[in-house]
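Report on one structure; see the data block that follows.
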Amino acid sequence: MEIVALENSEVTESVGRDPSGVRLAEAFLAERDLLRKVVAGLGLRGTDAEDVLQTVSVKCLREPSAFADRCQCRRWLIRVTTNECITEHRRRLRFRQQVPALVERGGRPTADGPVESAVSSEQIQAVQAALGNLDDELLRPLALRYFCDLSSAEIGDILQLPASTVRSLLHKGRIALAKALARRGIER
């Protein structure tokens, strides 16, 4: 992730920066490694971590004022990065809390007797546990496809991904789910 436009002083001044103070965009570039450590320390990885850093960089570009010194600017960057990480965790938690309800609404297999009902209940619990252990990158497309009956294109619009990437994630998710269920003794 690079902010190329920041190299040009005309661009940074045109968005309202005070040339006498520390510019946030420049400070972001200088403190990027520290901010990555903050994001990793707060439990985000991969694309989620990069998304948080991208959001912070956009906020740096939009912030109308410069700070008097580098220390003040650094504190602001760490505070904003921490807040963005907390927001991301809340968003992920809300999604994870909705998955069991989606599984329940997805329909239960019909059971003819108490034995079949117990097996069916165990299978549903195993599927819920396996879904709960999937990486969010794989869980989101699976839940939207199989519990909300959305197409790859619709899922792509929601997740801001190309439909081909959604299909690839669905394939990887099905394989990961099948392996997790096989470890629990459920195969189909």
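The values are calculated or read from the model by the stated rules, or taken from the named source; none is laboratory data. Since the structure is predicted, the reported quantities are computational estimates derived from the model, not experimental observations. For neighbour counting, all protein chains shown are included, and Cβ atoms are generated from backbone atoms with ideal geometry for every residue, glycine included.
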Within the range 142-161, of all residues that are under 16 Å from the mean Cα position of the chain (by Cα), more than 23 Å from Gln128 (Cβ to Cβ) and not charged (D, E, K, R), the one modelled with the highest pLDDT is Leu161
With respect to the numbered conditions (1) modelled with pLDDT under 50; (2) surrounded by fewer than 13 Cβ atoms within 10 Å (Cβ to Cβ), which one is the sole condition not fulfilled by Gly41?
-> (1)
Could you tell me whether Asn133 is outside the structural domain of Gly46 (by TED's automatic domain parsing) and modelled with pLDDT of 75 or more?
-> yes
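Each row is one residue, and each column tells you yes or no for (1) crowded, with 17+ Cβ neighbours inside 10 Å; (2) among the hydroxyl-bearing types (Ser, Thr, Tyr); (3) modelled with pLDDT of 85 or more.
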site: Ser164; (1), (2), (3): no, yes, yes
site: Arg174; (1), (2), (3): no, no, yes
site: Leu177; (1), (2), (3): yes, no, yes
site: Arg188; (1), (2), (3): no, no, no
